[in-house]
Each structure stands twice: as structure tokens, then as C-alpha cells.
1. Filtering segment 374-415 down to residues that are closer than 30 Å to residue 163 by Cβ and of a type in the set (A, V, I, L, M, F, W, C), which residue is surrounded by the fewest Cβ atoms within 10 Å (Cβ to Cβ)?
2. Taking segment 496-526 as the region of interest, how many residues are over 29 Å from residue 120 (Cβ atoms) and assigned to a helix (DSSP H, G or I)?
3. Quick check on this structure: which one of 96, 117, 101, 124 is touching a Phe, Trp or Tyr at 6+ places or on another chain (Cβ under 9 Å) and exposed (fewer than 15 other Cβ atoms within 10 Å of the Cβ)?
4. Do we have residue 423 as free of Cβ contacts under 8 Å to residues at least 24 places away in the same chain and aliphatic (A, V, I, L, M) here?
5. Using the structure shown, decide if residue 239 is closer than 24 Å to residue 423 by Cα, surrounded by 18 or more Cβ atoms within 10 Å (Cβ to Cβ), within 16 Å of ligand 2 (Cβ to nearest atom) and under 23 Å from the mean Cα position of the chain (by Cα).
6. Restricted to segment 227-249, and to residues that are in a loop (DSSP other than H, G, I, E, B) and of a type in the set (Ser, Thr, Tyr), which residue is nearest to residue 573 (Cα to Cα)?
7. Could you list all residues from segment 341-354 that are in contact (Cβ under 8 Å) with a residue 40 or more places away in the chain and either in a loop (DSSP other than H, G, I, E, B) or crowded, with 24+ Cβ neighbours inside 10 Å (or both)?
8. Could you count how many residues in segment 136-178 are over 14 Å from the mean Cα position of the chain (by Cα) and not in a loop (DSSP other than H, G, I, E, B)?
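The values are calculated or read from the model by the stated rules, or taken from the named source; none is laboratory data. No experiment lies behind these values; they were computed from the predicted model shown. For neighbour counting, all protein chains shown are included, and Cβ atoms are generated from backbone atoms with ideal geometry for every residue, glycine included.
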Amino acid sequence: MTLLKVAPPREQEVDLSRTYDAVVVGSGAAGGMAAHVLTTRGMRVLLLEAGRRLPIEQELRSMEWPYDHPRRGDLPPGYHGLSLNEYTIRQPPYAKGSAFKHVYSYVGGWSGGDYVKNILVDEKDHPYTGTRYAWVRARALGGKTNIWGRLALRLSDYDFKAKTHDGYGEDWPISYADLAPYYDNVDLYLGISGHRENLPHLPDSLFQRPTKLNAAEVLLRRSLARIGRVLTPYRAGVTSDGLKHNRYRNKCFGRGACNRRAGGCDIHAAFDSPTGLIYPAMDTGHLTLRTNAVAHEVLVDRNSGRARGVAFMDSVSKRTYEAKAKVVILAASTLESARLLLLSRSRQYPNGIANSSGHVGHNFCEHVMGPGVTGLVRDQVGKPHTLDDGRPGGFYVPRFRNLTDRQPGFIRGYGFEGGSGHAMFPPGAWGTPGFGVDFKRRVRDHAGAFISMGGFGEVLPRYESAVDLDPEVKDAWGIPVLRFNYQFGDNERKMAEDMAVTAREMFEAAGIEVIGVDRTVLTEGWSIHELGTARMGTDPKTSVLNQFQQAHDVRNLFVVDGSSHVSASCQNPTWTIMALAWRSCEYLADEFRKGNL
Ligand SMILES: Cc1cc2nc3c(=O)[nH]c(=O)nc-3n(C[C@H](O)[C@H](O)[C@H](O)COP(=O)(O)OP(=O)(O)OC[C@H]3O[C@@H](n4cnc5c(N)ncnc54)[C@H](O)[C@@H]3O)c2cc1C
Ligand code: SF4
């Protein structure tokens, strides 16, 4: 094992007088993948990123012990992370009128908020309006991948052909067979740890070494197997065996820092877009990076209606520039890409570019979460301590509803993320009664015996679930902000009720003592899995993009992030975002070479 860090490559000078082959907006999972695939195919690419390029190891400081930090990782005075109560009783913009100088989404309120305060956006500068929504945004090179939770799952034809299965919504214009080779590419290029289960509804990846389940998790796995359900080790977008082709990343050495704070891995065993995709793309000599570049319009050629580049503003000087390119690729994340499309109004595209269908901003979907269960495994009380948080994740229970059965109250399904065992801060300590020596002994004895899990359910896409531009409110750069018109519906509420019931049942069946069942549905947005807003489809009247994430209306415009997803499924989206982007960018590069773009 080597912990040697290789210095990032030197940046090429941006030359705004030239026309690049492609300009990519956004450097997260989607934009990083676009940069990787296109530069490997020899295209000259300019990558525009609104945030800064941070010295990320100095931000994350994964090796720092809590007692070495002046506030044990908490935010400094004057900084504030929003709470569930604030999201529940107030309306956006949540930072408006706040006495705090800086306000962050709820992720900034987690333990270790100080480590992410330069990665998350300050809500004071980045307001949004409309219905309640806990919008978590990261503005830095790499976007949210700097701190993501690493659960890396595939979708299946239960998701891509969901309409065929239950009649609701639309099928995707692709099937699993179309995407499987690209999932394989992502697995092999970025590394994923997991265990094969041969499930038709959660296809296996090409896994590296899995993380180990602990005793309580094995107990639950065995019990679930008896009723035909599965508990599998966390499928982590983490290289557990190392990647010989990538000199910027190391294999996981199991310190668990990614689990103790908001996420982030100093040695880049957990995938992040800069070390996984962007630095290797820079090494090709074909990638130019422009950070602090806030894109605010896709520029259009007046005669042909084709995209001719992107207008952006320097985030510090607020000066505006134009980047010229033969192909424009948006990858600013689901909601920001929709915002950019809507902002790009012109004579040819009065409702925003690529929006002849009127579907941009609509069919917004994500995951509903909140309900779950906590239990105690009596056999584990007083057992020797183990390093359970020294791993990138606990376990995942894949969907089991509406596969072969038909639930009376709702369609689609949900999965559970969970974990058990010892952690740096002993689980259950807050709830343990008493004080003094006896209290400490009880906390120590019980610390490894708790097990918990929480559900992530599919939110149905609905045309009326939408974002548009607020006619009045602007961000700190004078750019109109998004206005939400979005709420969970009856299907989500019924599904959430079922999550709490089945979670309890599964623990009880395993002989786990249930000590708490959570039924609260968290505010819309909490899952940080926003999807839809520019969906793919075969019909230009009801979709924005074709199966290659290419705008129906504008041949040389692509949108390669989660906005293209037709439905949310209940599996975490990042691996699918990257597999789709890989597929589309291969198509794009072929079309470019043939002169079709
Ligand atoms: C705490 C946390 C836990 C998560 N856990 C998981 C998980 O376990 N599994 C999973 O699959 N997903 C998880 N996610 C979600 C995952 O991070 C996202 O799905 C993924 O990062 C989306 O990639 P993206 O490229 O679309 O967006 P992002 O990663 O957000 O990148 C978008 C980039 O575009 C930039 N940008 C935005 N607007 C502009 C503009 N106008 N001009 C220029 N640049 C712009 C942003 O600054 C950003 O860098 C988690 C996220 C968080 C925050
Ligand atoms: S457990 Fe592995 S992936 Fe997580 S921070 Fe440690 S080395 Fe990185």
C-alpha cells in the first residue's frame, strides 16, 4: 500500500479566442466523465466550473482526529447549517433574514461541517424560492463527488421499463442491455467494491474486494434470506484493490473517515471526479480547465440555431466572457442544467433552448427518505470492540416491493441503507441514561450492538413537479434563481408508511430488539438525488433529449447529467449518471468525427 500523493497536472492556459471542439459545463460526476471520454477520443475540450479548485486534502483532512480540531469539526461562529425544523417551518429562500453571516444546507450541520464549508454553497449567495426543498449544492472542482456517500448501484429493466411493468409514466428509450457495457467501463475505470448477488432488479457490478459485514449484519442477512430478501455489503464507489491505471488514487485503507463526516477521502480511494476523471483527462493534453466560471447562457448561432458556445461570468471579478465551441455539453447537475436551459432564451428559443416540448424543468423526481428502524442485538452487548467504521459503508437491502407482487397502496419500490457496530463516537451514547462510571461502562458495552437502517424510495415523475425561473429573485451574480413547485404525492406517502412497517418486521424476524421506529418523512430534496427536468425519450413532443442525451431541438447540444433520467428508480443515481454520460460521449465523439455535429 502506498500513500504517496501525486501532484495534480498543470493547467493549460484558457484561450477564449479559439473555438474548442467541445465545452463542458460542470465538473462533477457527469462533467468529469464527459471530459474523460471526449479527451481520450482526441477532442479538444474546455471545462467550465463555477466553483474553485480547492486544495482538497487540506479541506477534508481525513486524518485529523476530532480533538485536534478546535471545535471538534464544528462550523465557526457565524456559520450555520440548516436544520430539519427550519426546512419544515419556513419557506425558501431559507437564508433570507438569517442572523448568521453564512448559511449552508443541512449537510453543513452534520458533525464535521467545518470540513465542507468551502465545498458547499453559501445559501446567502445562492437563494432559491417556491415550495420547500432541501437543496444540497457543492460548488468546487468535482462538485458533490468530493463528499458523496459512495453507494454505487446499477439500475435494471425494472427501472428502464417501469411503465411496461406497471403502466405509469414513460419507459426509458434504452434498456439495461444498452447500458450494461458502460456500467462495466465505469466499474473497471473507477473501481467499485461489492459482493455478487445475481439479482435481476439490482444487477451486479464488476466488483473489487467487498467490505466485511459484522456480526449483527450477518444475523440480519441470514434472517432476510429466509424470506427471500437480500442484505448485501455496501456497494461502494471505492477502489478496495487499487487501480493500476490511475496514479492519483490509492486503494482504501479502511480508516472510515468517509463515514465519520460528510464524506470525502484524502487518499481518493473513494471516487471523486477530479482524481478519478479530470486529472487523467488533463494528462491527455486535450483538456483545458476554467474554474470560477459561472455559465449563464448557451449561446446560439442566429442563422443556424445551433449552439455556438457558452457565456460565463468570472465568479470573483464578475466580468463576462464567451467560450466558443463546436459542441456544448451541459453537466451542471440536474437542477442547474435545467436552469441554464431556461436561462438560454433567444429569438429562436423564446422559452429556453431545447424546450420546444415545454418539458424543460418538468418531470422532476428524486428519492423519498426518512422512515427507518434502530435495534439492539443483545448478543453483541459487552463483546470486544471491532473497527466497524473503518470501512466505506455498511450494508444495502435492495428493493423487494412490486417486483413479482403488486402492493395495494403504491407502485415502485424502496431499498434500505444501514449499518451496525462500533464507531468513533459510540452509537447510542446520547440515549443512554445515567452518569459516572456506570454510564461509561454501559455506553462502552452497548456501543457495538446497535444496528439501524433507513429507506430510500422512488418518487414518481409528474409533469407538474417542476422548477422554473423566479421572475424577481436573483443570486449574488445577478442571475435569476430557480423556483420550485414540487411536493411528494400520495404514492410517496404510502410507500414511506410501508418502509417503517417492513423495517420493523425485518428486525423483529431476525430477533433484533427494536428500540426505535422512525416514521417522519424528511423534507423534499433530502436524498440529494435530484433527477428529471430534461428527460430522454423518443418523442420530441414529450421529451427534451434523445437516448444519447442529445437535444431533440439542437443537434450539437447535449445534457449528460441526471436531468436526462426518465424516472428515479430507488437506486442511488451516480453510477448510472456516469454510465449514461460515457455512452453518450462515445456517440458524440463518433458523430463529431463523421462531421455530423
Ligand atoms: C452528502 C452526499 C451524499 C451522497 N451520497 C450518494 C450516494 O451514496 N450515492 C449516489 O449515487 N449519489 C450520492 N450523492 C449524489 C451524488 O453526489 C450526485 O449524484 C453526483 O455528484 C451528481 O453529479 P453531477 O455531475 O450531476 O453534479 P455535481 O456533482 O453536483 O457537479 C455539478 C458541477 O457543476 C457545477 N456548476 C453548477 N452550475 C454551474 C454553472 N452555471 N456554471 C459552471 N459550473 C456549474 C457545480 O459547481 C458542480 O461542480 C450524494 C451527494 C451528497 C452531497
Ligand atoms: S474508509 Fe477508505 S474510502 Fe473511506 S476515507 Fe478511509 S480510505 Fe477513503
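1. Looking at the filtered set, the residue picked out is 403.
2. 12
3. After applying the criteria, what remains is 101.
4. no
5. Values: closer than 24 Å to residue 423 by Cα: yes; surrounded by 18 or more Cβ atoms within 10 Å (Cβ to Cβ): yes; within 16 Å of ligand 2 (Cβ to nearest atom): yes; under 23 Å from the mean Cα position of the chain (by Cα): yes.
For residue 239, the condition - closer than 24 Å to residue 423 by Cα, surrounded by 18 or more Cβ atoms within 10 Å (Cβ to Cβ), within 16 Å of ligand 2 (Cβ to nearest atom) and under 23 Å from the mean Cα position of the chain (by Cα) - is met.
6. 234
7. Listed by number, the residues that qualify are 341, 344, 346, 347, 348, 349, 353, 354.
8. Kept after step one, since they are over 14 Å from the mean Cα position of the chain (by Cα), are these residues of segment 136-178: 140-141, 155-178.
Going one step further and asking which of them are not in a loop (DSSP other than H, G, I, E, B), we end up with 140, 157-160, 162-166, 176-178.
Looking only at that region, the number is 13.
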